[in-house]
Amino acid sequence: SDNALSLFTAYYANSLAGFIANSNPKIVATFARWKNSAGSREALLSNLQKNTELKNMLLEETPWVMAAKDETEQKRQIALLFDLNMQKNQAETYFQKLLKLQNADGSFSWFEGMSGSRYITQEILLDMARLNKMTGKSVVGSQQSVVNSALTYLDLEISRDFAELKKYNPNYQKENCTGNMQLFYLHVRSEYPEIPLHESAKEAVKYYTAQSEKFWTDYTLYGKAMMATVAKRNGKTQVATDILKSLKENALKTDEFGMYWARNSAGYFWNERPVNVQAAIIEAFTEISGNSPDIDEMKIWLLKQKQTQRWDSPIASVNAVYALLLRGSDWLQNVGKVDMKIGNKTLESQTTEAGTGYFKESIPVAEIRPEMGNIIVSTIGGATQSRTPNSTNIGWGAMYWQYYQEQDQIEAQGSALKITKNLFRKSGASMVPVGQVQLKKGDRVVVRLVVTTDRNLEFVALKDLRASCFEPVEQRSGCQWKEGVCYYQTTKDASTQFFFSFLPKGNYVFEYEMWANNAGTFTSGIASVQCQYAPEFVSHTGGQKINIVP
C-alpha cells in the first residue's frame, strides 16, 4: 500500500533483486524454470495449498482460503521480480513515491497527510544503509539529500530529548535515562559516520553514548544487540565484547533450532518483533566476531520460523533477508541435493524441484517393510544430517504413514505438536472422568482438549470428531478468546472445529460441553490438530468406546 514502510520495502526488494540477479545468475535461471516449467508449478503455490492429501482438513474448510491466494500471488511476483528489465524502473518508481512522504523537516510520514514519524524515519535510514552495504553502493545522488535532511531531523529530535531530560530530571547523570528510541538513533547514526552531526546534537549524542556503554545490562535483547554494534564502531571493543559474551551466555542451542534466545518473544512494540531482534543480534555478531559458526546457527533459527509461519510484516522480511545474506556460509550456492535411505531402499526422485531441491515420493503398500522405520538422511557429500561448524547444508522434510484403522483402536500420536482428549461427566460444579462413572442418556459431558506446541505456529486447525451419541450444547459458531489466544470455533454435523491464525509456543486447554442424547455403545471420535502451513506438524488422540445407558 502507499505507506512509507511498504514503499521502502518495495524499493529495497527491487534493488536487492537486481544485485542478486547480477551476482547469482543461477538464481535467475531457477525462477525462469519455475515460471516456464509445468513440473515446478507447485513451487509457486502457498504452503497452505501444498500437500492437500496429507492434511486433515481441506483448505476450503478453513478461514484461510484468501491467505493462500495472497501468498501464491506473492510467490508468482517473485519470478517477475528477477526480470532485469523491470527492476531498475520499478525501484526508481517506488523511491520517487517514497520521496513524496518526506516532509520539509526531513522526517517521513507513515501515510500522506500524517505528521512525521521518528520511528519510521529511523527504520528507513537503517535499512537504506544495510541495503547499500549488501550491494556495495554508497549514498549518492538523490539519496544524498534524502539522507542528509532525515539525519538533520533525527539530530534535532535527540537534541530535544536531551534538553527536556535536563529540564525535568535533575538526576539524569546518575540514572539510566536512555530508552529504545535513543538506542535506535545511535544505531542508525553509526551507519553514517561520514555525515557530520548537527551542532546542537553533539552533547546529546555524547551523553546517550556514554549511557549506553554504562547501563547496557539493563537493556532488552534488541537494545543490547544495537549497543554492541555501536560500541564496536565507536572503538569501544571491550564493551562490545562484554555484550556479546552476555548474549552468548543467555543463548540456547539445539540441533533443530540452531542458536536463539528464549526471551525473544513477540510483543506489541517495534522493538519486540522476534525476527527483527534476531537480525540485530546476527549483525552484532558479524561486526564483532566476524564470520563465526554462531552466525550460521542463528540463521537456522530464522529459517525455522519461516517453516511454520509467514513473516509477520514487510520490515520483518527485509531484516530476515539482510541477516541471511549478510555473513555466514553462502546458502545461495547450496545445491540442495539430499540422499535418503529408508531401510534398504534408497529414494531417488526424477522430479527434484529447481532451486529448492524439494521432492516427494510415495511408497506403495505392498512394498512397505518394518525395516523402513529406519531412515538415514545424507547430504551430497555423504555427511549425515548432524551439522558441523563448516557445514553449508540445511533442509527439512517429513515422513508420513497413512493407513485405515477402527476408530476405537487408533493410538495417540504427536511430537513437537501434541493433543490429548478427555471426557468428563458434569454434575453441578463437579466433573468426573467418564471412565469412573456410568453415563446415562441426558447427562452433560465436558470435552477437554489439551494442546502442547514447542514452537510458534500459524494457521493451525483442530478437529474433534464427536461420537454419534453426543450433541453439542453450544450450536453457534464464532470467535472465542481463551487461554490467551483468539480462535474461531464452529460446530459441524460430526465434529467441532477450532481455527488458530497464530498459536504461540505453550500449553493450552480448550473445553466445550455436550449432551448424551442416545443410549448404546459408541466409538468416540479422535481429536486431531495440524499446522496447515507445515503439515508435518500434526498430532491426534487415540480412540475409545463410550457406553450410555437409558
*Return a yes/no flag: does region 271-286 have any residue that is open to solvent by less than 50 Å² (accessible area, probe 1.4 Å) and in a loop (DSSP other than H, G, I, E, B).*
no
*Which residue out of Thr452, Thr490 is in contact with a strand residue (DSSP E or B) (Cβ under 7 Å, 6 or more places away or on another chain), surrounded by fewer than 16 Cβ atoms within 10 Å (Cβ to Cβ) and among the hydroxyl-bearing types (Ser, Thr, Tyr)?*
Thr490
*asked:* Cβ-Cβ distance below 6 Å, separation of 6 or more or different chains: which pairs start in region 310-335 with a residue that is over 17 Å from Lys133 (Cα atoms) and hydroxyl-bearing (Ser, Thr, Tyr) and end on one that is modelled with pLDDT of 80 or more and buried (at least 18 other Cβ atoms within 10 Å of the Cβ)?
replied: Ser329/Asp296
*Any idea which residue in region 57-92 is modelled with the lowest pLDDT, counting only those that are under 14 Å from Ala17 (Cβ atoms) and out of contact with any helix residue (DSSP H, G or I) (no Cβ under 8 Å at 6 or more places or on another chain)?*
Asn85
*Kindly indicate which of Lys50, Lys26 is at pLDDT 75 or above, basic (Lys, Arg) and not in a helix (DSSP H, G or I).*
Lys50
_Exactly one condition in (1) farther than 27 Å from Val275 by Cβ; (2) in a strand (DSSP E or B); (3) not aromatic (Phe, Trp, Tyr) is false for Gln475; which is it?_
(2)
*Which of the residues that make up region 132-147 are among the hydrophobic types (A, V, I, L, M, F, W, C), open to solvent by 10 Å² or more (accessible area, probe 1.4 Å) and either in contact with a helix residue (DSSP H, G or I) (Cβ under 6 Å, 6 or more places away or on another chain) or part of a helix (DSSP H, G or I) (or both)?*
Met134, Val139
_Near pairs, Cβ below 6 angstrom, 6+ apart or cross-chain, from region 262-280 (at negative phi) to any residue that is open to solvent by 20 Å² or more (accessible area, probe 1.4 Å) and assigned to a loop (DSSP other than H, G, I, E, B)_ = Pro274/Ala266
*Among Ile124, Ile158, which is open to solvent by less than 60 Å² (accessible area, probe 1.4 Å) and under 19 Å from Val318 (Cα atoms)?*
Ile124
*Looking for whichever is surrounded by 15 or more Cβ atoms within 10 Å (Cβ to Cβ) and modelled with pLDDT of 95 or more here; the options are Ala129, Ala150. Which one fits?*
Ala150
*Among (1) outside any strand (DSSP E or B); (2) of a type in the set (A, V, I, L, M, F, W, C); (3) touching an Asp or Glu at 6+ places or on another chain (Cβ under 8 Å), where does Val447 come up short?*
(1)
*Unique match (being surrounded by 10 or more Cβ atoms within 10 Å (Cβ to Cβ), modelled with pLDDT under 80 and within 30 Å of Arg466 (Cβ to Cβ)) among Asp330, Asp408*: Asp408
*Considering only region 479-521, how many residues are of a type outside the set (Ser, Thr, Tyr), farther than 15 Å from Leu462 by Cα, out of contact with any Asp or Glu (no Cβ under 9 Å at 6 or more places or on another chain) and in a strand (DSSP E or B)?*
2
*Would you please list the contacts, defined by Cβ atoms under 9 Å and residues six or more apart or on different chains, that run from a residue in region 102-115 that is under 9 Å from Ala4 (Cα atoms) to a residue that is of a type in the set (Asp, Glu) and open to solvent by less than 10 Å² (accessible area, probe 1.4 Å)?*
Phe108/Glu123
*Before we move on, is Pro170 within 19 Å of Met227 (Cβ to Cβ) and at pLDDT below 95?*
no
*Could you give me the residue pairs with C-beta distances under 6 Å whose first residue belongs to region 411-428 and is closer than 13 Å to Glu513 by Cβ, whose second residue is assigned to a loop (DSSP other than H, G, I, E, B) wherever it lies, and which are 6+ apart or on separate chains?*
Arg425/Val437; Arg425/Asp443
*Restricting attention to region 176-216, which residues are part of a helix (DSSP H, G or I), open to solvent by 50 Å² or more (accessible area, probe 1.4 Å) and free of Cβ contacts under 8 Å to residues at least 40 places away in the same chain?*
Glu199, Lys202, Lys206, Ala210, Lys214
*Applying the selection to region 176-194, what residues are within 16 Å of Asn234 (Cβ to Cβ) and over 32 Å from the mean Cα position of the chain (by Cα)?*
Pro193, Glu194
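The values are calculated or read from the model by the stated rules, or taken from the named source; none is laboratory data. Values in this document were obtained by computation on a predicted structure and should not be read as measured data. Glycine also receives a Cβ, built like all others from the backbone with ideal geometry; neighbour counts cover every protein chain displayed. Heads up: the accessible areas ignore ligands, DNA and RNA and are worked out on the full protein's heavy atoms, side chains in. Shrake-Rupley method; radii C 1.70, N 1.55, O 1.52, S 1.80 Å.
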